[in-house]
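What follows is calculated from the coordinates using simple rules that are stated; it is not laboratory data. Bear in mind that the values here come from a model prediction, so they are computed numbers and not experimental data. Quick reminder, even Gly has a Cβ in these numbers, built from the backbone with ideal geometry, and neighbours come from all protein chains shown.
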Amino acid sequence: MTDATVPSPSGPSAPPPRAGRREWTAFTVLLLPLLLVSMDVSVLYFAIPALSADLEPTSTQQLWIFDIYAFIIAGLLITMGSLGDRIGPRKLLLLGATAFGLASLAAAYATNPEMLIAARALLGIGGATLMPSTLSLVRRIFRDEKQRSTAIAIWSGALAGGVALGSVLSGMLLEFFWWGSVFLINLPAMVLLLVAVPLLVPEFRDPDSGKFDLISVPLSMAAVLPIVYALKEFAAEGFELTYLVSMLVGFGFVALFVYRQRTYRHPMVDPALFRNSGFSAVMVLNSLIMFAMMGQAYFTAQYLQSVLGKSALEAALWSLLPSVAVLMGAPLAAAAAQAYGRRPVIVTGFFVASGGFVVLTQVGTDSLWVLLAGAGVLGGGVVGVLSQVVDIALGISPSHQAGSVSALSETSTELGGALGMAVLGSIGTAVFRNDIEESLPEGIPAEAAEAAGETMAGAVHVATSLPGPMAEELLAAAREAYTNGFNLAAVVGAVLLLGATLLAAFALRGVPAAEKGAPPVDHGDGSVDHGDGSVAVPPADQRTAEHR
């Protein structure tokens, strides 16, 4: 029995083997955990009212129910990527799927806020193992450069689309079931993963990976978590000295982590990766494009609900329309990259995304279709860039470091997204507070004026307790102030992405073609040395058939 992942011996000039039906089937299975991990970021958006009525969390507990998942993922990505390179990404994926499934079950039947927070933390641990493992396996399964580019484009589209799908799916489930159902949807997918992956996906091991650096684990978490926390709080609460201190502490641990990687014999992240200017450039570009995506999403969801007055489910369904551009943009970007090269596609993607922000500068207080058009154009550009920068990062780095590279890419994604919400959100909030202060209706009580002047959601809430004419005047002023902030944030986003367009055009000039690797060597025992330090072990059913 022959399999595309485990080729027969070939001469020194033989091209890399092309993936067949088995590999594409395995890839389809690997998209499941990616979708679920990205969906779990947004799956609680509509469940909070029912959850709060049942568990009665405090405001602080409610915040941690939301945020602990993303914080744990961000803090553990580098650790899990490095661990996958050492024990094998398939093994880590199966361990993560088991943890994710059990944590989903615990979250669905949580009886108090503390139990739900703990379950969400375990979900974060599982998610941190699943995300780099899937991308690492994609890098190793698809050795043909064109096929790998197509697979990574689809992977990027699934990652971007999962967040939107999570909110819509949760809204639909809550129409018929209790809040815990939003977690139970993970279980069938995890069971399928645990059954299918051992049958379809070979394991890859690096025999020369060295010892796992336990000291770098807390250092990496201490470097990432305070920065992500500070950026998220800046977006939600505005500037406070505590958040600035948190960010400075994070940067201090970044310096310690970098020092550890440069001086330790078996670093968690190989410093040689960053000596390649192309690799460093794509990590920066990855952060910039996620800055744009999450910064736009921060405004769009609030605009649909608070400005246009859509219900949560209506807002989620409308937000699916821009996702069509995301799903179309990924394969189009892959085809264009194969025809014209990846650098032109990335440059074009940034330019298109900046055009999306330009459209968003024209959003008024009743501009649904302008909003959807701008978000769609921006989303199409984003996924075009995202798929290609990930492909470049994996292509120019050694295959046996695919897990670490995947984790670095996803960590830069987390940081870029948090920075986008913090910077653009802060701009929008500052404009809103300044404009509404000058437009508040006369006679509004001081306490109500203070609450209405903080956020758009606060103004909507205050309006429900005011007399009709005063409420309408307040809502009109708040909508105008909010769209003014949105418009200015879009201007800043457009300028930033135009700068990123120039950066991409300049910084990617010297990026070489993706490394194809040395010809594989069949050891005759079912394992195949790919010439890059990794060893692929075929699935059990294939080894049995070969021995027969």
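Rounded to whole numbers, the Karplus 3J(HN,Hα) couplings from phi for region 324-339 are 4, 5, 5, 5, 6, x, 5, x, 5, 5, 5, 5, 5, 5, 5, 7 Hz, using 6.51 cos²θ - 1.76 cosθ + 1.60 with θ = phi - 60°, and x at Gly and Pro. Can you tally the net charge around D391? Count Lys and Arg as +1, Asp and Glu as -1, for every other residue whose Cβ sits under 11 Å from the Cβ of D391. Here the charged neighbours net out to +3. Among 222-234, 189-201, the peptide with the highest mean count of other Cβ atoms within 10 Å heads the list, and the full ranking is 222-234, 189-201.
Among 371-381, 482-492, sorting by the average number of other beta carbon atoms lying within 10 angstrom of each residue, highest first, gives 371-381, 482-492. Summarising the label geometry, the points placed 7 Å from Cα in the beta-carbon direction at A335 and I215 lie 5.3 nm from one another. Averaging the sequence gap over all C-alpha pairs within less than 8 Å and six or more residues apart, then dividing by the number of residues, gives region 81-178 a relative contact order of 26 percent. Over the Cα atoms of region 123-181, what is the Rg over Rh ratio if Rh follows Kirkwood? Rg divided by Rh gives 1.14. Label-to-label distance for T111 and V491 is 5.7 nm, based on points extended 7 Å past Cα in the beta-carbon direction. Per-residue extension of 0.36 nm, minus the Cα-Cα distance of L256 and E314, leaves a gain of 16.2 nm for this segment. Calculated FRET efficiency, E454 to M172, Cβ-Cβ distance, R0 = 35 Å: about 0.65 to the nearest 0.05.
Among S52, S136, the order by Cβ neighbours within 10 angstrom, fewest to most, reads S52, S136.
Diffusion coefficient (Stokes-Einstein, Kirkwood radius over C-alpha pairs, 37 °C, 0.692 mPa s) for region 283-513: 176 µm²/s, rounded to a whole number.
Viscosity 1.567 mPa s, temperature 4 °C: Stokes-Einstein D of region 213-267 from its Kirkwood Cα radius, in µm² per second?
111
By the Kirkwood approach, averaging reciprocal distances over each pair of separate Cα atoms, region 18-210 gets a hydrodynamic radius of 17.1 Å.
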